[in-house]
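For reference, the structure is listed below as structure tokens.
The values are calculated or read from the model by the stated rules, or taken from the named source; none is laboratory data. Model, not experiment: these values are computed from the prediction. Using ideal geometry, Cβ is built from the backbone for each residue, glycine included, and neighbour counts are taken over all protein chains shown. Heavy atoms of the whole protein, side chains included, go into the accessibility calculation; ligands, DNA and RNA do not. Shrake-Rupley method; radii C 1.70, N 1.55, O 1.52, S 1.80 Å.
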Amino acid sequence: MEVGKGRIFIGRLAAGEDLLASLTDICSGHKIQMGVFSVIGAVKNLTLGYYDQEKQEYVQNLDFKEEFEILSCLGNISIKDEGIFVHAHLSAGARDGKAFGGHLMPGTKIFAAEYHIQELTGGELRRQRDPETGLSLWQKED
Ligand code: ZN
């Protein structure tokens, strides 16, 4: 689908808050129903998951209690179950420079985080359960 550029938001997320919830709150507050975003900064801990393709469920596979750099947190915003849904993946750098990554899950607390959100317009991006993958995916175009 072809989309247009909407509003752009840039700012800082509050320290100590949950990263995924904070992003969702900003999108809800500004009524951003479709968009893409990036975040860089640092977190106090790291809770990431991956999708087990055989079991067709998300598994929380990383739950580190130490601090990390947010090397790259990328994601998109669409509609799921009539609500604004933020889907984010994160690459995190540890003290020794090693990187970990995965699907951002609730529980990752912000130390400092700078976001950039690009709202998209001109259509509706809605997630529905996909029977093949078990995931809530964007609907296929006709
Ligand atoms: Zn994901």
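For this structure, a couple of remarks:
- Taking segment 87-142 as the range and being among the acidic types (Asp, Glu) and touching a residue at least 40 places away in the same chain (Cβ under 8 Å) as the test, the residues that pass are Glu114, Glu119, Glu124, Glu141.
- Test: residue in segment 44-58 that is in contact with a strand residue (DSSP E or B) (Cβ under 7 Å, 6 or more places away or on another chain), away from the ligand (no atom under 16 Å from the Cβ) and modelled with pLDDT of 95 or more: yes
- Residue check, Leu104 closer than 30 Å to Gly6 by Cα and in contact with a helix residue (DSSP H, G or I) (Cβ under 6 Å, 6 or more places away or on another chain): yes
- Only one of the numbered conditions (1) more than 24 Å from Lys31 (Cα to Cα); (2) away from the ligand (no atom under 16 Å from the Cβ); (3) under 14 Å from the mean Cα position of the chain (by Cα); (4) not acidic (Asp, Glu) is not met by Lys109, and that is (1).
- Leading residue by the ranking (least open to solvent (accessible area, probe 1.4 Å)) among those in segment 112-139 that are of a type in the set (Asp, Glu) and either under 14 Å from the mean Cα position of the chain (by Cα) or closer than 27 Å to Glu17 by Cβ (or both): Glu119
- Unique match (being buried (at least 18 other Cβ atoms within 10 Å of the Cβ), in contact with a Pro (Cβ under 9 Å, 6 or more places away or on another chain) and closer than 16 Å to Thr108 by Cα) among Thr24, Thr47: Thr47
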